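Let me begin by presenting the structure, written as structure tokens, before commenting on it.
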Amino acid sequence: MAKKVLILAGDAVEALEIYYPYYRLLEEGIDAVIAAPTKKTLNTVVHDFTGWETYTEKPGYLIQAHAAFADVRPEEFDGLILPGGRAPEYIRLNEHVPRIVGHFFDANKPVGAICHAAQVLEVVRDKLKGRTMTAYIACKPSVEGMGAKYASETLYVEGNLVSGHAWPDLPGFMREFLKLLNA
């Protein structure tokens with residue numbers, strides 16, 4: 001039976017951080033399901049590093065969410081990917097997100113969190129306390145606020161959690177996530 005991975009997203013998800021994992025999973029024959037607050041077409045954004053003291057943001061491609069958070073049964077999935085962008089800052093407020101994300105930690109299933117995804121993990125901070133992970137540098141206070149140690153490496157794996165700084169780290173991020181998923 002084919003593996004099944006859930007990707008949690010929302011409007012303003014970083015384009016590369018959703019498209020790259022989504023297509024990479026499909027390429028491996030893995031059923032990839034995108035869930036959002038509502039089942040709709042999502043607007044992605046393109047974050048780039050152009051010499052500013054922070055990243056720039058432009059509108060990106062559209063991508064379809066296959067399911068609403070309320071309809072997600074996390075026990076049906078073998079792994080979870082949390083892309084970054086600005087979506088994490090508001091999807092973490094959805095009442096279903098703690099239940100969904102918490103399941104993957106409780107069941108010790110692979111979790112991939114890249115860039116601003118650390119903001120989503122704040123709703124399950126008890127699962128991160130004492131762990132080590134990385135994230136986009138602006139999320140370092142979020143990581144430390146959860147009681148986790150911030151790793152300066154751009155890619156970090158600890159137990160069932162693969163974490164990465166930003167979209168330039170996607171090749172290693174997906175390689176490590178797939179290793180855990182196929183273990």
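The values are calculated or read from the model by the stated rules, or taken from the named source; none is laboratory data. Because the structure is predicted, anything quoted here is derived from the model rather than measured. Cβ placement follows ideal geometry from the backbone for every residue including glycine, while neighbour counts extend to all protein chains displayed. Surface areas here come from the heavy atoms of the whole protein model, side chains and all, with no ligands, DNA or RNA. Shrake-Rupley method; radii C 1.70, N 1.55, O 1.52, S 1.80 Å.
What the table below lists for this structure:
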quantity: Residue, surrounded by the fewest Cβ atoms within 10 Å (Cβ to Cβ), within region 25-51, restricted to residues that are β-branched (Val, Ile, Thr) and modelled with pLDDT of 95 or more; calculated: 41
quantity: Qualifying residue in region 56-67 (condition: out of contact with any strand residue (DSSP E or B) (no Cβ under 8 Å at 6 or more places or on another chain) and either closer than 17 Å to residue 8 by Cβ or free of Cβ contacts under 8 Å to residues at least 12 places away in the same chain (or both)); calculated: no
quantity: Those residues of region 110-160 which are part of a loop (DSSP other than H, G, I, E, B), open to solvent by 30 Å² or more (accessible area, probe 1.4 Å) and either of a type in the set (A, V, I, L, M) or free of Cβ contacts under 8 Å to residues at least 24 places away in the same chain (or both), in sequence order; calculated: 129, 130, 147, 152, 153, 154
quantity: Filter result (out of contact with any Lys or Arg (no Cβ under 7 Å at 6 or more places or on another chain), part of a helix (DSSP H, G or I) and under 20 Å from residue 16 (Cβ atoms)) within region 161-183; calculated: 167, 168, 169, 170, 171, 172, 173, 175, 176, 177, 178
quantity: Failed item, numbered, when residue 22 is tested on (1) under 17 Å from residue 136 (Cβ atoms); (2) open to solvent by 10 Å² or more (accessible area, probe 1.4 Å); calculated: (1)
quantity: When residues of region 52-99 are limited to those that are within 30 Å of residue 159 (Cβ to Cβ) and among the basic types (Lys, Arg), the one least open to solvent (accessible area, probe 1.4 Å); calculated: 92
quantity: When residues of region 100-109 are limited to those that are surrounded by 17 or more Cβ atoms within 10 Å (Cβ to Cβ) and among the aliphatic types (A, V, I, L, M), the one farthest from the chain's Cα centre (by Cα); calculated: 100
quantity: Looking only at region 54-84, and only at residues there that are in a helix (DSSP H, G or I) and of a type outside the set (Asp, Glu), the one that is farthest from residue 32 (Cα to Cα); calculated: 70
quantity: Filtered residues of region 1-11 (kept if open to solvent by 10 Å² or more (accessible area, probe 1.4 Å) and touching a residue at least 60 places away in the same chain (Cβ under 8 Å)); calculated: 3, 4, 11
